[in-house]
1. Tell me the label-point distance for the pair Gln21, Glu51, using the 7 Å Cα-to-Cβ offset, in nm and rounded to one decimal.
2. To the nearest Å, what is the center-to-center distance of the range 139-166 and the range 14-46, using C-alpha atoms only?
3. Where nothing but the Cβ of Lys and Arg (+1) and of Asp and Glu (-1) is charged, how large is the charge dipole of the range 2-94 around its Cα centre, in debye to the nearest 20?
4. Determine, from the Cβ-Cβ distance of Leu59 and Ala10 and an R0 of 25 Å, the FRET efficiency 1/(1 + (r/R0)^6), rounded to the nearest 0.05.
5. Applying a 10 Å radius around every beta-carbon, put 76-82, 47-53 in order of their mean neighbour count, most first.
6. Relative contact order for the range 2-94: what percent, with Cα pairs under 8 Å and sequence separation of 6 or more?
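Readers should treat all values here as calculations from the given coordinates under stated rules, not as data from a laboratory. Keep in mind that this is a model prediction, so the values were computed, not measured. Don't worry about glycine lacking a Cβ; one is built from the backbone with ideal geometry, like all the others, and counts go over all protein chains shown.
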Amino acid sequence: MRRRAQERDAELGRAVERARQGDEAAFTTAYRIVHPPLLNFLRGLVGDDAEDVASDAWLEIARDIGRFRGDGAGFRAWTAQIARHRAVDHLRRVGSRPRGSLLEVDLTGLPSRQDTEQEVLESVSTRAALALIARLPRRQAEAVLLQTVIGLDGPAAARVLGTRQGAVRSAAHRGLRRLERELAELRAGGSVTDSDRRALGGAR
């Protein structure tokens, strides 16, 4: 996902620059590039309410795009930050976390900077990987999702989360190690509930 996102950053940057000048067609182009991974990211945070939260985020993006300064990669980070803020607001209102996510994105072919990430995400089906990610503590899940779904690098993910790059790297590492342990437990037939087995039914 990170590589694919980066490949489209030049096109995205050009569209955003025109959109800042009021070009509606260019804004539509930017939306079509950014929205699918952004929606998937929100599904990882708020579950079935992702569409509503995304709508709120895009209203804010459309309102403030004239103030945005940056390239395509910067726009991806900026929109992710807005979406995350709207997701946090939503979760505060409903007073709970989502019970799971149904992200529709192929994680199995992601370029990896860590052996653990590659082993975990390439060893299970997409549905199983996403079900496992949904079980992580929120900060760990956010770090993994920002880098694998939105395609942000470490510094950009740190800006979105308002923390240090080292903290994001640590959270992602802990999350991936936890995914590895849960996958090992699943394969060993450990303490996994019947509902977990159904959710993780795609594990190979």
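1. With each label placed 7 Å out from Cα toward Cβ, I get 3.6 nm.
2. Taking the Cα centre of each part, the range 139-166 and the range 14-46 sit 19 Å apart.
3. Details: 17 positive and 15 negative charges, 69 e Å.
In debye, rounded to 20, the range 2-94 gives about 320.
4. Working: r = 27 Å, r/R0 = 1.07.
Plugging the Cβ-Cβ distance into 1/(1 + (r/R0)^6) gives 0.40.
5. For the peptides 76-82, 47-53, the packing ranking is 76-82, 47-53.
6. Values: 77 pairs, mean separation 34.0, N = 93.
Taking the mean separation of contacting Cα pairs over the length of the range 2-94, I get 37 percent.
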